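Reading through the structure tokens given below for one structure.
What follows is calculated from the coordinates using simple rules that are stated; it is not laboratory data. Everything quoted here is computed from the prediction, not taken from an experiment. Because the Cβ atoms are built from the backbone with ideal geometry, glycine has one as well, and the counts that use them run over all protein chains shown.
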Amino acid sequence: MDAPVKPAPACLPANSKTAPPSTLVIFGAGGDLTKRLLIPAIYNLVNDKALDDHFQIIGVDLVANDDQGFRDHLTENMKALVAGGHGEFASPELDQQAWSWLMSRVFYLPGDFSNPDTFTRLKYLVDEREQETGCGNAVFYLAVAPRFFGPIVEQLGQAGLLAETEAHFRRVVVEKPFGTDLASAKALNQQILKVADEHQIFRIDHYLGKETVQNIMVLRFANGFFEPVWNRDHIDHVQITAAETVGVEQRGKFYDATGALRDMVPNHMFQLLAMIAMEPPNSFDADAVRSEKAKAIEAIRNYTPEEAVKNAVRAQYRAGTVLGKPVNNYRDEPNVSPTSMTETYVAMKFMIDNWRWAGVPFYVRTGKALAVRRTEIGIQFKRAPHVLFRSIGISELAPNMMVFRIQPNEGVSLRFAAKKPGREVELRDVRMDFRYADYFQAEPSTGYETLIYDCLTGDATLFQRADNIEAGWTEVQPLLDGWSANDAPLEFYDAGSDGPAAADALLARDGFKWLPLT
Ligand code: BG6
């Protein structure tokens, strides 16, 4: 039987590199995400000729403004970003032609997200566009506080803005955090899926926009030598680190109610874990990839709250010095409670109970105000038998270690033993290093370019399906429950350190050590 035929994406441009003409509606147009990441990413897409002539942006926000005022605000901000030279832009000056092209396609709609009138006016603009250009594709990007996610999608549905036809698609991009626990994530999925179909929802995890994260799949599945050793017979343990030097900065209100576990683990850390642990998908089709990732997360052992607490460490930073600058006690940061028990660091051990990984611990750690900024995945292989080297006084050989460096200094390194030149046999650990920068000219990127482009072209591979999100929350819920019982110790670490000693003890218990941060 033939596969069901999906409606052809409307108004496909002749050049497949160019995304179909669409209206990108950004809710939260005046917010930080829009100016810091979305507009710069769209500007990079313009430079890359990835957008159609009929592309346009409608920014929606509560603040009174008009088209020109909004454009001026974006221009001022972009000039500052480009001059700041953060590596995301090809040149230290704004490309006037590209920027003018973009600005002539930017419009502003002032409106309250909870007022149906905003959506009626929005529909008028989207319909008007469809009449003018013959194309009614629209993507609604929710760059807003999480409490607005559900209500905005409902209003879009009620206004008829989510109705797709053979001639046009309608998609919604939902930012993180998607829920604050399992129950709220499920409730949000239900609320959204009442008015939109799963294929219309693009749940963002910006880690999936990172080249090096996508590359894990390529390294694993495009090379013959990884898969034979990628299992419990050869791998001792896996450790995943996302260390940040930033503290909570101006995000105290959000962060104090959230903490490191919710902020990083069910989303970013599990994306990394899934990339390492998933089975090869049958194809790179979005659903094939997402199903394998969901299976890997679902195979994580379900702890009881007591077990979860025993297999985790929570900690908070105290005053210290990070990269030469003094940092306050977390409890003294703006908008943080002086008696806060919120963790700014979490380490946890997971077991994946499937055929490939049974018995191989996966440790994750993430924290703020640490000594260095580093995201990496270490794969420690089982040690070779040392019997041959006993005669030269070696009682145990160092294990081989493969490290995926996600950021910064993107690359992969392999640690193994070699003979130190000389008449005696002496072993030394050496490193073989692949650095992206040595082979590839980095494209200017904020990490959001791929995600926005994929959404415009309808490729959902790098977005989270409802079950991916719920699987992540299912695994951390016992720890949330265990901690809320309030008898789990909160450890402390100095800002600018490697984290709490208890996190070292978590691995030492199993005979392992974290890769050093400094
Ligand atoms: C965000 C978290 O999702 O990811 C932040 O809310 C965190 O707290 C950030 O700093 C880390 O992202 P990146 O790309 O800097 O590793």
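Between segment 242-278 and segment 116-138, how far is it from one alpha carbon centroid to the other, in angstrom?
37 Å
Near Val360, within a Cβ-to-Cβ distance under 13 Å, what is the net charge of the other residues, with Lys and Arg +1 and Asp and Glu -1?
Net charge around Val360: +1.
Starting at the first residue of segment 227-233, write each ³J(HN,Hα) from the Karplus equation 6.51 cos²θ - 1.76 cosθ + 1.60 with θ = phi - 60°, in whole Hz, x for Gly and Pro.
4, x, 9, 8, 6, 5, 6
Relative to the longest principal axis of the chain, what angle (0 to 90°, nearest 10) does the C-alpha long axis of helix 448-457 take?
Between the helix axis and the principal axis of the chain, the angle is about 50 degrees.
Obtain the nm distance between the two label points defined at Phe389 and Asp285 by a simple spin-label model: each point lies 7 Å from its Cα along the Cα-to-C-beta direction.
Simple spin-label model gives 4.8 nm for this pair.
5 Å is the cut-off here: which amide hydrogens, built 1.01 Å from N in the peptide plane, fall below it relative to Val360, excluding neighbours closer than 5 in sequence?
Ile352
Once the other residues with Cβ under 11 Å from the Cβ of Ala371 are scored (Lys, Arg +1; Asp, Glu -1), what is the net sum?
-1
Does anyone have the angle between helix 67-84 and the longest principal axis of the chain? Alpha-carbon axes, 0 to 90°, nearest 10?
30 degrees
Which of the trypsin sites (Lys or Arg not before Pro) found in segment 230-322 are in a DSSP loop and have at most 16 neighbouring Cβ atoms, other than their own, within 10 Å?
Answer by residue number: Arg232, Arg301.
Within 10 Å, at most 16 other Cβ atoms, and a DSSP state outside H, G, I, E, B define an exposed site. Report the longest part of the chain free of exposed GluC sites (Glu not before Pro).
250-395
Which ³J(HN,Hα) values in Hz, rounded to whole numbers, follow from the phi angles of segment 185-202 under the Karplus curve 6.51 cos²θ - 1.76 cosθ + 1.60, where θ = phi - 60° and Gly and Pro get x?
With the stated coefficients, segment 185-202 comes to 5, 5, 4, 5, 4, 4, 4, 6, 6, 6, 10, 9, 8, 3, 5, 8, 9, 10 Hz.
What distance in nm lies between label points placed 7 Å from Cα along the C-beta direction at Lys382 and Asp66?
7.3 nm
Restricting to DSSP H runs of at least four residues, report the calculated mean residue ellipticity at 222 nm for the chain, -39500 (n - 2.57) per run over all residues, nearest 500 deg cm²/dmol.
Result for the chain, helices only: -9500 deg cm²/dmol.
Counting Lys and Arg as +1 and Asp and Glu as -1, each charge on the Cβ, what is the dipole of the chain about the Cα centre in debye, to the nearest 20?
Here the chain has a charge dipole of around 1660 debye.
In the chain, what % of DSSP beta bridges are antiparallel (nearest 5)?
Percentage antiparallel, nearest 5: 55.
What is the sum of charges around Ala138, taking Lys and Arg as +1, Asp and Glu as -1, for the other residues whose C-beta is under 13 Å from the C-beta of Ala138?
Charge balance near Ala138 sits at 0.
Which chymotrypsin sites (Phe, Trp or Tyr not before Pro) in segment 151-237 sit in a loop by DSSP (not H, G, I, E or B) and have at most 14 other Cβ atoms within 10 Å of their own Cβ?
Taking segment 151-237 and a limit of 14 other Cβ atoms within 10 Å, the loop chymotrypsin sites (Phe, Trp or Tyr not before Pro) found are Phe225, Phe226.
Among Ile42, Phe140, Asn329, which residue has its Cα furthest toward the positive end of the charge dipole of the chain, with +1 on Lys/Arg Cβ and -1 on Asp/Glu Cβ?
The one lying farthest along the dipole's positive direction is Asn329.
In nm, give the distance between the simple-model label positions of Ala257 and Thr339, each being 7 Å from the Cα along the Cα-to-Cβ direction.
Distance between the two pseudo-spin positions: 2.0 nm.
Using R₀ = 22 Å, calculate the FRET efficiency as 1/(1 + (r/R₀)^6) where r is the Cβ-Cβ separation of Glu306 and Ala501; round to 0.05.
According to the calculation, E is roughly 0.50.
Restrict the search to segment 17-122; then list the trypsin sites (Lys or Arg not before Pro) that DSSP places in a loop and that have at most 16 other Cβ atoms within 10 Å of their Cβ.
Lys17, Lys49
Rounded to whole Hz and in sequence order, give me ³J(HN,Hα) for segment 295-304 from the Karplus expression 6.51 cos²θ - 1.76 cosθ + 1.60, θ = phi - 60°, writing x for Gly and Pro.
For segment 295-304, the Karplus curve yields 5, 4, 5, 5, 7, 5, 4, 7, 7, 6 Hz.
Whole angstrom only: what separates the Cα centroid of segment 460-515 from the Cα centroid of segment 189-224?
First find each Cα centre; the distance between them is then 22 Å.
How far is helix 211-221 tilted off the main Cα axis of the chain, in degrees rounded to 10, range 0 to 90?
With both axes taken from Cα atoms, the answer is about 60 degrees.
Can you flag which of Lys253/Lys368; Lys210/Lys382; Lys35/Lys325; Lys253/Lys295; Lys17/Lys123; Lys382/Lys513 are past 24 Å Cα-Cα?
Lys210/Lys382; Lys35/Lys325; Lys253/Lys295; Lys17/Lys123
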